[in-house]
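Bear in mind these aren't lab numbers, they're just calculated from the coordinates by the rules spelled out. Remember, predicted model here, so these are calculated numbers, not experimental data. Cβ atoms come from the backbone with ideal geometry, glycine included; neighbour counts cover every protein chain shown.
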Amino acid sequence: MSDAGLYVHVPFCSGKCSYCDFVSFPGRAASVPGYLKALEAEAGLRPAARPETLYVGGGTPTELSAEDLAALLGSVRRSYPGPVFEEATVEANPESLTPEKAAALREGGVTRLSLGLQTTDDRLLERIGRRHRFSDAVRAFRLGRDAGFDMSVDLMFGLPGQTLEGLERSLSTVLAMRPEHLSVYGLDVHEDTPFGREGVVHDEDLGRAMFELVIVRARAAGYHHYEISNFALPGRECRHNMLYWRNEDYLGLGPAAVSHQDGERSTNSPGLDEYRSGVLAGRRPLAHAERLEGKEKLGETAMLGLRLLDGAELGPELEEAFARELESLAERGLILRDGRRTRLSSEGLFMANVVASEFVAPFAEAAC
Ligand SMILES: C[S@@+](CC[C@H](N)C(=O)[O-])C[C@H]1O[C@@H](n2cnc3c(N)ncnc32)[C@H](O)[C@@H]1O
Ligand code: SF4
């Protein structure tokens with residue numbers, strides 16, 4: 001089996017942020033050793049040729065000790081022997097990255113850190129339930145830089161009480177730090193989170209103004225806006241995430257991890273104990289698997305590919321299957337068709353959900 005990328009989920013956090021619906025379990029540090037064994041067992045059940053990229057995400061990978069991070073990377077190396085990963089990323093949280101952990105990651109072949117900074121405003125960090133202050137993020141960023149990692153920084157906008165001026169301050173400060181890569185996400189309010197229960201709502205106009213500000217500032221600072229939420233210095237785009245948008249194959253290990261292999265998309269079950277007991281008994285705990293066929297498969301390829309600002313070559317089959325939708329999107333000025341490539345227009349960038357919805361079943365003709 002050849003998977004271009006490997007994702008490893010680390011479902012531990014020091015607490016739960018008020019907006020987050022990722023699968024993570026605060027207060028379960030005691031479960032880490034058993035979890036590492038379970039990951040190795042799942043890797044044994046799912047052999048693959050050495051993938052080209054590795055992404056260790058969470059949760060909070062840096063909640064693990066330096067020894068446990070080294071053990072995790074060693075176990076990945078043993079399970080998938082071969083040449084070094086061309087790119088290996090680990091998500092790091094500002095409060096838990098230490099010099100010992102940075103050294104263990106470097107030693108284990110990690111090339112990139114993705115630092116969850118979110119905002120430079122300490123009051124806002126507290127409001128969104130983060131457990132770090134901006135000074136921790138500065139320290140962690142320097143630590144990563146000095147250890148030789150490519151640095152990516154995550155920022156958020158549309159947070160409760162966040163102003164355009166506040167976002168401008170965060171952007172100026174972070175762009176001056178010159179990370180190689182920047183991911184900037186508009187707040188998504190999920191029902192089953194403190195923000196969802198609190199009834200936090202979006203101000204659409206402010207959200208749009210904020211996204212415009214992000215784009216203008218990042219581009220002016222020399223960053224290539226290559227995906228809706230992602231910016232990179234030239235040549236520093238995230239190769240692993242490019243696999244997702246190009247709908248290529250990747251293997252995901254851990255609870256709730258998603259895999260895409262040979263046309264099948266599958267998701268592991270999210271429960272930590274269920275995951276552990278399943279894989280230790282020799283079973284992959286699968287929550288869901290589907291093989292997309294025909295128009296659904298084509299639609300997924302279009303939806304993912306159009307997230308990239310360079311767009312995608314949709315190909316004759318897709319052009320034919322979605323002729324009506326593509327024509328309508330072009331007429332509404334949301335996509336641009338340039339020779340064989342199709343991409344979002346500058347207006348389409350702000351309406352990416354509307355564009356994506358055209359490619360998701362039930363399709364227009366099925367509904368009428
Ligand atoms: C896998 S998550 C968490 C990684 C890491 N534990 C952290 O908190 O930095 C990666 C990024 O997604 C973004 N994110 C998470 N939940 C979000 C939400 N509800 N709306 C928008 N962005 C979100 C945050 O910027 C976060 O850094
Ligand atoms: S945002 Fe990150 S640190 Fe916060 S709960 Fe989610 S995974 Fe954990």
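Given the convex hull of the Cα atoms of the stretch 61-129, what is a quarter of its surface area in nm²?
On the way: hull surface 20.9 nm².
So the mean shadow area of the Cα hull is 5.2 nm².
Taken along the Cα-to-beta-carbon direction at a fixed 7 Å, the label points for Val258 and Glu331 span 3.1 nm. Derived scalar couplings between HN and Hα for the stretch 93-110 equal 9, x, 7, 10, 7, 10, x, 5, 5, 4, 5, 5, 5, 4, 4, x, x, 6 Hz in order, rounded to whole Hz, by the Karplus curve 6.51 cos²θ - 1.76 cosθ + 1.60 (θ = phi - 60°), x for Gly and Pro. Taking amide H atoms as placed 1.01 Å from N in the peptide plane, the amide H of Leu155 lies under 5 Å from those of Gln118, Ser183, Val184, Tyr185, each 5 or more residues away in sequence or on another chain. At full extension, Glu320 and Ala221 could sit 31.6 nm farther apart than now, given 0.36 nm per residue minus the alpha carbon distance. Applied to the stretch 124-135, the Karplus parametrisation 6.51 cos²θ - 1.76 cosθ + 1.60 on θ = phi - 60° returns per-residue 3J(HN,Hα) values of 5, 4, 5, 4, 8, x, 6, 10, 9, 10, 4, 4 Hz, with x for Gly and Pro.
What's the FRET efficiency of Glu274 with Val201 using the Cβ-Cβ distance as r and R₀ = 51 Å, to the nearest 0.05? It would help to have the intermediate numbers written out before the result.
Details: r = 35 Å, r/R0 = 0.68.
Working from the Cβ atoms, E equals 0.90.
Find the Rg to Rh ratio for the stretch 259-345, where Rh is the Kirkwood radius over alpha-carbon pairs and Rg uses the same atoms. Reported Rg/Rh, Kirkwood definition of Rh: 1.19.
If each residue of separation counts as 0.36 nm, what is the full-extension length gain between Arg169 and Arg139 once their alpha-carbon separation is subtracted?
Details: separation 30, 0.36 × 30 = 10.80 nm, distance 1.85 nm.
Stretched out fully, the Arg169 to Arg139 stretch lengthens by 9.0 nm.
Backbone phi angles across the stretch 254-267, fed through the Karplus curve with coefficients 6.51, -1.76 and 1.60 (θ = phi - 60°), yield HN-Hα couplings of x, x, 6, 6, 9, 10, 9, 9, 6, x, 10, 9, 9, 10 Hz in residue order; Gly and Pro are listed as x. Near the amide H of Gly58, within less than 5 Å, lie the amide hydrogens of Val10, all on another chain or at least 5 residues away, with H placed in the peptide plane.
If contacts are Cα pairs under 8 angstrom and at least 6 residues apart, what is the relative contact order of the chain in percent?
Numbers: 657 pairs, mean separation 56.5, N = 368.
The value is 15 percent.
Using a Debye calculation, one point per C-alpha and no hydration shell, please list log10 I(q)/I(0) for the chain at q = 0.09 Å⁻¹ in order. Here log10 of I(q) over I(0) equals -0.53.
Could you rank the peptides 200-206, 170-176, 284-290 by their average count of other C-beta atoms within 10 Å per residue, with the highest value first?
On the way: 200-206: 11.9, 170-176: 17.9, 284-290: 13.6.
Per-residue mean Cβ counts within 10 Å order the peptides as 170-176, 284-290, 200-206.
Could you please state, rounded to a whole Å, how far the C-alpha centre of the stretch 72-121 is from the C-alpha centre of the stretch 283-331? Centre-to-centre distance over Cα atoms comes out at 32 Å. Each peptide in 9-19, 327-337 gets a packing score, the mean of other Cβ atoms within 10 Å over its residues, and the list from highest to lowest is 9-19, 327-337. Taking Cβ atoms as reference points and 13 Å as the exclusive limit, the residues near Arg284 contribute a net charge of 0, counting Lys and Arg as +1 and Asp and Glu as -1. Note on Ala361/Glu248: beta-carbon distance plugged into 1/(1 + (r/R0)^6) with R0 of 30 Å gives a FRET efficiency of 0.85.
Please compute the Kirkwood hydrodynamic radius over the stretch 294-367, one decimal place, Å, based on all pairs of different Cα atoms.
Values: mean 1/r = 0.0837 Å⁻¹.
After inverting the mean inverse Cα-Cα distance, the result is 11.9 Å.
Here is how the number arises for the chain: DSSP H runs of 4 or more residues each give -39500 (n - 2.57), the sum is divided by the residue count, and the result at 222 nm is -12000 deg cm²/dmol. When both bridge partners sit in the chain, DSSP labels roughly 40% of those beta bridges antiparallel.
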